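A.B. asks: Got a structure here, written out as structure tokens. Questions coming.
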Amino acid sequence: MKAFALPMSALALAALLSSCATTVVPAEQRTDPTGSAEEASPRSSDLAPTADWLSYAGPKEVAQDADVVIVAKYVDEHRDTLYPDVSAGGDPETNPQHGLSEEELERAREDGAIPLNVSRVEVTEVLKGGAKAGQTLEIAQIATEIDGELVPESSTTLLKDVESELLLLFLAEYDDAPYDLLNPTEALYELDQDGTLRSFSDQPGFQVGTLRELRAEIAR
């Protein structure tokens, strides 16, 4: 399995985690609609990580923050792992790993590892950024591994599960890591052949529009 390393304090890692804490709610602490606690054994889907993401009013606003905006087709996917770059040097007041042994540093690196589901997509149109039509990009979606199963963040739709052939994607770009979506629901759209966009967002008042309108807005 390929692995790539980034500084623990790097913008790339913060953006990938969307500046949020990932929380797991055990099944035994959940309640059914009647208010009684569930007694069933926890399933992998019950333990999916949840996250708070930056929210947008519509694709025009997402495009302003995105490094790359593309129309693409899903190709395939693989698992990967993002490891923090830990060191024992630097300022002890700002580096919590200062003074650790090599064994302790390796443990900290493993403890900070983030499972990723990485999809490959083929670019068919570039609306913003340095990507090129025909290029293949890798896009990471954060997850957690439970009993050997990779479980995506609770609001995340894996790209392989999107029904439409064409996807509209709003991406953050990094030097040494895959691209990632700015928001799992508001930066991912199904795209029909007539240019109609369909969002995964359930935010009230979220304005979608059409691909033609978005092209014109970005070109301004």
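None of the figures in this text is laboratory data; all of them are computed from the coordinates on show. Computed from a predicted model, the values in this text were never measured in an experiment. Cβ atoms come from the backbone with ideal geometry, glycine included; neighbour counts cover every protein chain shown.
A.B. asks: Treating the beta-carbon of each Lys and Arg as +1 and of each Asp and Glu as -1, no other charges, what is the dipole magnitude of region 117-172 about its Cα centre, to the nearest 20 debye? Intermediate results must be reported in sequence, preceding the final value.
C.D. replies: Values: 4 positive and 10 negative charges, 81 e Å.
Once rounded to the nearest 20, the dipole reads 380 debye.
A.B. asks: May I pose another question? Would you please classify the overall shape of region 90-150 from the alpha carbon gyration tensor, given that a ≥ b ≥ c denote the square roots of the eigenvalues, rounded means a/c under 1.5, and beyond that prolate means a/b larger than b/c while oblate covers the rest? Don't skip to the answer; put the middle values down first.
C.D. replies: On the way: a/c = 4.26, a/b = 1.92, b/c = 2.22.
Because a/c hits 1.5 or more and a/b fails to exceed b/c, region 90-150 counts as oblate.
A.B. asks: For region 212-218, what does the Karplus curve 6.51 cos²θ - 1.76 cosθ + 1.60, with θ = phi - 60°, yield as ³J(HN,Hα) per residue in whole Hz, taken in order and with x for Gly and Pro?
C.D. replies: Taking θ as phi minus 60°, the curve returns 4, 5, 5, 4, 5, 5, 5 Hz for region 212-218.
A.B. asks: Sticking with this one: Go through 167, 218, 181 and say which Cα lies farthest out towards the positive end of the charge dipole of region 153-220; charges sit on Cβ, +1 for Lys and Arg, -1 for Asp and Glu.
C.D. replies: 218
A.B. asks: Take 94, 210 and order them by how many other Cβ atoms sit within 10 Å, fewest up front.
C.D. replies: Working: 94 8, 210 15.
In order of increasing Cβ crowding within 10 Å: 94, 210.
A.B. asks: Nearest 20 debye, what's the magnitude of the dipole of region 87-192 about its Cα centre given +1 on Lys and Arg Cβ and -1 on Asp and Glu Cβ?
C.D. replies: Working: 6 positive and 25 negative charges, 80 e Å.
With only Lys, Arg, Asp and Glu charged at Cβ, the dipole is about 380 debye.
A.B. asks: Just subtract the alpha-carbon distance of residue 100 and residue 113 from 0.36 nm times their residue separation and send over the number in nm, one decimal. The partial results should precede the final answer.
C.D. replies: On the way: separation 13, 0.36 × 13 = 4.68 nm, distance 1.77 nm.
So the extension gain works out to 2.9 nm.
A.B. asks: Just subtract the alpha-carbon distance of residue 218 and residue 126 from 0.36 nm times their residue separation and send over the number in nm, one decimal.
C.D. replies: On the way: separation 92, 0.36 × 92 = 33.12 nm, distance 1.09 nm.
Going from the current span to full extension adds 32.0 nm.
A.B. asks: Whole-Hz ³J(HN,Hα) for each residue in region 158-166, computed from phi via Karplus 6.51 cos²θ - 1.76 cosθ + 1.60 with θ = phi - 60°, x for glycine and proline: what do you get?
C.D. replies: 4, 4, 5, 8, 6, 6, 6, 5, 9
A.B. asks: Moving on. Roughly how many Å is it from the Cα centre of region 205-220 to that of region 59-115, as a whole number?
C.D. replies: 32 Å
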